[in-house]
1. Cβ-Cβ distance below 6 Å, separation of 6 or more or different chains: which pairs start in the stretch 102-130 with a residue that is assigned by TED's automatic domain parsing to the domain that holds residue 87 and away from ligand 2 (no atom under 16 Å from the Cβ) and end on one that is of a type in the set (Phe, Trp, Tyr) and assigned to a helix (DSSP H, G or I)?
2. Take the residues of the stretch 182-204 that are open to solvent by less than 40 Å² (accessible area, probe 1.4 Å) and either among the acidic types (Asp, Glu) or closer than 22 Å to residue 143 by Cβ (or both): which is farthest from ligand 1 (Cβ to nearest atom)?
3. Just a yes or no: is a residue in the stretch 150-165 within 20 Å of residue 185 (Cα to Cα), within 14 Å of the chain's Cα centre (by Cα), within 14 Å of ligand 1 (Cβ to nearest atom) and not in a loop (DSSP other than H, G, I, E, B)?
4. Could you list, in sequence order, the residues of the stretch 232-291 that are open to solvent by 40 Å² or more (accessible area, probe 1.4 Å) and on the phi > 0 side of the Ramachandran plot?
5. At pLDDT below 95, under 18 Å from the mean Cα position of the chain (by Cα) and open to solvent by less than 60 Å² (accessible area, probe 1.4 Å): does that describe residue 46?
6. Could you list, in sequence order, the residues of the stretch 143-160 that are under 18 Å from residue 251 (Cβ atoms) and either without any contact (Cβ under 8 Å) to a residue 24 or more places away in the chain or open to solvent by 40 Å² or more (accessible area, probe 1.4 Å) (or both)?
7. Return the residue satisfying two criteria in turn: it lies in the stretch 67-125 and is within 16 Å of ligand 1 (Cβ to nearest atom) and assigned to a strand (DSSP E or B), and of such residues it is nearest to residue 138 (Cα to Cα).
8. Mind listing whichever residues of the stretch 98-135 are among the aliphatic types (A, V, I, L, M) and within 19 Å of residue 314 (Cβ to Cβ)?
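The values are calculated or read from the model by the stated rules, or taken from the named source; none is laboratory data. Keep in mind that what you see is a predicted model, and the values were worked out from it rather than measured. In this analysis, Cβ positions are derived from the backbone assuming ideal geometry, glycine residues included, and neighbour counts consider all displayed protein chains. When the accessible area is computed, the model is the full protein with side chains, heavy atoms only, and any ligands, DNA or RNA have been set aside. Shrake-Rupley method; radii C 1.70, N 1.55, O 1.52, S 1.80 Å.
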Amino acid sequence: MKDGKFITLGIESSCDETAVSITADGRQVLSNIISSQIDVHKVFGGVVPEIAARHHLEQINGVLDEAMREANITFAEVDLIGATEGPGLIGAVLVGLSTAKALALALGKPLTGVHHIKGHISAAYLENADLTPPFLALILSGGHTDLIDVRSYQNLRVIGRTRDDAIGEAFDKVARVLGLGYPGGPKIDALAPSGTSGKVSFKRVMLEKDSLDFSFSGIKTGVLNYVNTEKQAGRLFNTADVAAEFEASVTDVIVAKTLSALSLTGYDKLVVGGGVASNSLIRQQFAQECALRGIALYIPSPVFCTDNAAMIACAAYYDHLAGKTDSLDLDAKATLEL
Ligand code: KG4
Ligand code: ZN
C-alpha cells in the first residue's frame with residue numbers, strides 16, 4: 001500500500017513488447033514502461049518467436065527497475081503481482097510470467113495471471129474513472145478480432161470473432177504486399193489519407209446475415225491479386241489508393257458488425273481496444289457513428305491500445321478483488337479461452 005492505495009505491479013510480454021507498469025487502486029497509472037522490439041524484428045518482416053523470447057529476457061530487469069523508479073515505489077509497498085499468462089507466443093509469455101512468479105515468491109506477495117484480451121479491455125478503465133461494466137467491447141489486435149459482451153468485470157462472453165486472420169494480421173500482410181514494411185498497421189494508417197478509397201474496390205466480407213463473426217483472409221488475397229495483376233500488366237498503381245480502400249473496407253465491416261452487436265445487446269457503451277484501435281480512420285468512424293446514436297465511446301489513447309502492462313495491472317487488480325490468486329505453478333499458455 002502507498003498513501004492508502006492498493007499497489008499492483010503488472011508485467012506484459014506476450015508478443016514483442018517488454019512492459020512493466022505500476023498502478024494504484026487498479027486504474028491510476030504510476031508508471032508505464034514499454035520496451036518495443038520493433039527494430040529487432042523489422043529485418044525479418046514479422047515477429048520471430050525465439051528472438052522475441054531472448055529479447056524479453058535481456059530487457060525485463062531493466063524495464064522493471066525503470067517502472068519502480070518512475071512510480072517512486074518500493075517492493076515492500078507492492079500488494080499484488082499481475083502478469084499475462086496467455087494467450088501469446090509461449091516463450092515470450094514465459095519470460096514475463098516467470099519474472100512475476102520470482103517476484104511473488106521473493107516478496108511474499110500474491111500472484112494473479114491475466115488473460116491478455118481482458119487486459120486490452122481493461123485499458124479503457126485507465127483513463128475513464130466512470131466506466132464500469134456492462135458494455136460491449138471490440139478488441140482489434142494482431143492475434144484477435146473479438147466482439148465481447150462484458151457483463152461484469154468477471155463475466156465476459158465472446159459473441160463474435162474472426163474465423164481466419166485477425167484484423168492486425170490483415171494490416172500487416174497487406175502492408176507487406178504493398179512493400180510498406182513492418183509493422184504494417186501504422187504504415188497503412190500514415191499512407192491511407194493521401195489516397196482515395198473507392199478508386200480500387202475490395203469486397204466487404206459480411207458472412208451470413210445476423211453473424212457477428214469476421215473474415216479478413218479474403219481481403220488480403222484481394223489486395224495480393226490486384227497488385228499482381230497490375231504488376232503483370234505493367235501498369236502503375238497508386239499504393240496510397242490501395243491502402244485507403246483496404247482501410248475503408250475493413251473499417252466498414254467492423255463498424256457495421258459492432259453496430260449490429262450494440263442493437264442486439266442493447267448496450268449504450270462501447271469500448272474499442274487492441275493495437276489496431278490506434279488507427280485514425282477506425283477511431284474517427286466509431287466516433288462519428290456513436291455520436292449519431294448516443295452511444296458512449298471509450299477508445300484508450302494509442303499508448304494504451306498497443307501492448308502495455310498498465311492494462312495488465314488493471315485487469316489483475318479486478319481479477320484479484322474477485323478472488324483470482326494463482327499458485328506459483330501457473331503455466332504460460334499459447335492459447336487461452338476468455
Ligand atoms: O494489441 P497489439 O499491440 O498486439 C497484439 O496483442 O497483437 O496489436 C498489434 C497490431 C499489429 O498488427 C499492428 O500492425 C497493429 O496492431 N497496429 C495498427 C496501428 N498501430 C498498431 N493497425 C492499424 N493502425 C494503426 N495505427
Ligand atoms: Zn495485445
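1. From residues that are assigned by TED's automatic domain parsing to the domain that holds residue 87 and away from ligand 2 (no atom under 16 Å from the Cβ), the pairs are 107/75.
2. Per the criteria, the residue is 182.
3. no
4. 234, 266
5. Against the criterion (at pLDDT below 95, under 18 Å from the mean Cα position of the chain (by Cα) and open to solvent by less than 60 Å² (accessible area, probe 1.4 Å)), residue 46 qualifies.
6. 144
7. Among residues in the stretch 67-125 that are within 16 Å of ligand 1 (Cβ to nearest atom) and assigned to a strand (DSSP E or B), the one nearest to residue 138 (Cα to Cα) is 115.
8. Scanning the stretch 98-135 gives 100, 103, 104, 111, 114, 117, 121, 123, 124, 126, 129, 131.
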